[in-house]
Amino acid sequence: MIRAYTKAEVREAVRQWKKEGLTVGLVPTMGYLHEGHASLVDKAVSMCDRVVVSDFVNPTQFGPNEDLESYPRDFERDCALLEEHGASLVFHPEPAEMYDPDAATFVEILSEMPKQLCGKTRPIHFRGVCTVVSKLFNIVNPDKAFFGQKDAQQLAIIRKMVRDMCYDIEIVGCPIIREDDGLAKSSRNTYLSEAERSAALCLSRAIFLGKDMVKNGETDAAAIKAAMTREIESEPLARIDYVECVDGSTMMPVDTITGHNLVAIAVYIGKTRLIDNFIVEGDLVQ
Ligand code: AMP
């Protein structure tokens, strides 16, 4: 596996591969990799000849009071996992390699979509995500890019950005990978104390409860949200940011579950903010 630290190194490797007629997949990450990330790499390896993984804690998607400094990092461990899963190149730039000191150009979706759900408490987050992903697309020039359903709003926003900006890149969504006890895997789970770790199970319990209700025919979004809220509020260490039923493409709230909907939650466990969701697709719950 090539370790690349500059845009030039990535471009050189990709140029060579494309000359050989090989297809290239991109998996953008912020590092501190776990099986959730690994599942994206596996999917990319199965669909592309060469796989580039970016490992970069992107400063522009963190708000001023968020965890940019404390975000966990372990590049050597990440490399070992990526080698094991067959990545061809890891791109691990310094922030200065990605952002000129006078960088002033951003990619931002100017609809309501990035203002919903996580956008309510993280107003600049998706502008940072779109900007860095757009840069990665321009650096790597992939045929396909892989994103987790874990960050469902991000996935929907990236799909919209790709359409709006005419990127010739197929976006592949990948299912949420969970711990054995149900908690969605996340680099931020490492922040949790032992007590918080067990408290965090209220998120997946609420998700499974909502999923069951939909499976059993409940279509009233208010009823689903109320039941999920009660489940989360039964946990004293939990503080709800949002529990929402939205349209799967626009992220706008819905009153009735009809299909192609997303049920998403964000909950603080102590100081750690965790997210989880499930998709409703017609009669099917994914
Ligand atoms: P992050 O490093 O947290 O920015 O995540 C990088 C990519 O991995 C994003 O597309 C995430 O949606 C995806 N991802 C993170 N956790 C999971 C998970 N538990 N299951 C599936 N994908 C995930």
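The values are calculated or read from the model by the stated rules, or taken from the named source; none is laboratory data. What you see is a predicted model, and the numbers here were worked out from it, not measured in a lab. Using ideal geometry, Cβ is built from the backbone for each residue, glycine included, and neighbour counts are taken over all protein chains shown. The accessibility values were calculated without ligands, DNA or RNA, using every heavy atom of the protein model including side chains. Shrake-Rupley method; radii C 1.70, N 1.55, O 1.52, S 1.80 Å.
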Which of the helices in the chain, when you take each full DSSP H run, stretch at least 20 Å along the axis at their Cα atoms and have an average Kyte-Doolittle score of 0.0 or higher? 125-140, 201-215
Candidate cut points under chymotrypsin sites (Phe, Trp or Tyr not before Pro) in region 7-62, DSSP loop plus at most 13 other Cβ atoms within 10 Å of their own Cβ, are none
Could you list log10 I(q)/I(0) for the chain at q = 0.07, 0.09, 0.12, 0.14 Å⁻¹, which the Debye formula gives when each Cα is one point scatterer? -0.26, -0.43, -0.78, -1.05
Considering only C-alpha atoms, what is the centroid distance from region 67-120 to region 218-265, in Å? 28 Å
Once phi is turned into ³J(HN,Hα) by the Karplus curve 6.51 cos²θ - 1.76 cosθ + 1.60 with θ = phi - 60°, what whole-Hz value does each residue of region 244-252 show in order, with x for glycine and proline? 9, 10, 10, 5, x, 9, 8, 6, 7
Using amide H atoms built 1.01 Å from N in the peptide plane, name the residues 5+ places from Asp276, or on other chains, whose amide H lies under 5 Å from its own. Ile265
Per the 1.4 Å probe, what fraction of the accessible area of region 80-216, in percent, lies on carbon and sulfur atoms? 49 percent
Efficiency by 1/(1 + (r/R0)^6): what FRET value for Ala96 and Asp168, r their Cβ-Cβ distance, R0 = 41 Å, to the nearest 0.05? 0.90
Region 1-48: which GluC sites (Glu not before Pro) are DSSP loop and have at most 12 other beta-carbon atoms within 10 angstrom? Glu20
Helix-only estimate, please: 222 nm mean residue ellipticity of the chain, summing -39500 (n - 2.57) across DSSP H runs of length 4 or more and dividing by its residues, to the nearest 500. -11000 deg cm²/dmol
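Send over a whole-number figure in Å² for the accessible area per residue of the chain, probe 1.4 Å.
Per residue, the chain has an accessible area of 47 Å².
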